[in-house]
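Trainee: Please see the structure below; I have some questions.
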Amino acid sequence: MKLHRFIAVIAILLMLPILCLPVFAAGAMGTLNLKCSTHINGERYYFSGDEFSILKIADANVITENGQISIAYTTLPKYRKFDCDWGKLTAEEAHEKAKALEKLGTSADEYHDTVVIDTSGNASFAGLEEALYLVVRTKAALPNQSYFSEPFLVSVPLLWNGELQYTVSAAPKYGWTPPVPDKPSTPDVPTPEVPEKPIEPTPDVPKLPQTGQLNWPIPILLLIGGLCILMGWKQYNQKQDK
């Protein structure tokens, strides 16, 4: 009797790992590694200090049928209007979806997690649930503000060549925005001074006497004229007397 119990206990212990496999598979966690760098003038430049955040867009469900593995996505209610067959999107279609999702203006508390790129251009999101994520640069370090980073979608796990990859690496796409040059200031152009019109000399023309003006020749001429009239009047009277 004791032997039977012993064998039963051993059998149960041997079966426990098998019974727990679905639980472990359902609770599988993934990691997303970001590698942020580029070449500038032939040298490697790292976008250290940039901040990236991830947003869960859809749940991922791993399906195995007839030895074939596939992933089915269930879009979260908030993003239902973007619903599509996520696994069949082309690279261009996925890029357009990512840009449209970024424009929603997600608040900081809605992101699943946020990391900061280290001095080697690397950062990792660990302990990720099976899902489709939107990856967005939410803050640019001061030296990197002339560069923009495109949002992108990534699946954890990633189905690659028929195998599931729970450790996913991605390199965010950066672009450079040339700074807008300052508008050159208009130099101060001195305004040439207009020379004053020279005063033309005018000939001395005697002015007519004006009201209230006293000129000394006038009284003398009047006196002489009066004497001449008086002398003429006397001569006229003398002639009359003769």
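What follows draws every value from the coordinates through simple rules; no lab data is involved. Since this is a predicted model, take the numbers as computed values, not measurements. Methodologically, a virtual Cβ is constructed for each residue, glycine included, from the backbone with ideal geometry; neighbour enumeration extends over all protein chains shown.
Trainee: What full-extension length gain, to one decimal in nm, is calculated for LYS78 and THR64 as 0.36 nm per residue of separation minus the Cα-Cα distance?
Mentor: 2.2 nm
Trainee: Highest first, please rank the peptides 129-142, 88-101 by the mean number of other Cβ atoms sitting within 10 Å of their residues.
Mentor: My ranking of the peptides, most packed first, is 129-142, 88-101.
Trainee: Still on this model: I want to verify the translational diffusion coefficient of the stretch 24-174 in µm²/s; compute it with Stokes-Einstein, Rh as the Kirkwood radius over Cα pairs, at 37 °C and 0.692 mPa s.
Mentor: 202
Trainee: Taking the stretch 24-174, how many lysine pairs are there with alpha carbons less than 17 Å apart, if each pair must be eight or more places apart or span two chains?
Mentor: Value for the stretch 24-174: 19.
Trainee: Take the Cα atoms of the stretch 35-88, build their convex hull, and give its volume per residue in Å³.
Mentor: Roughly 168 Å³ of hull volume per residue.
Trainee: Please order ILE69, ILE54, ILE220 by the number of other Cβ within 10 Å, starting at the fewest.
Mentor: Fewest-to-most ranking of ILE69, ILE54, ILE220: ILE220, ILE69, ILE54.
Trainee: Going 7 Å from the Cα of SER107 in the Cα-to-Cβ direction, what parts of the stretch 47-90 have a backbone nitrogen less than 17 Å from that spot?
Mentor: 55-56, 78-79, by backbone N distance to the label point.
Trainee: What ranking of LEU164, LEU153, LEU222 emerges when the number of other C-beta atoms within 10 Å of each C-beta is taken as an exposure proxy, fewest first?
Mentor: Exposure proxy ranking, most exposed first: LEU222, LEU164, LEU153.
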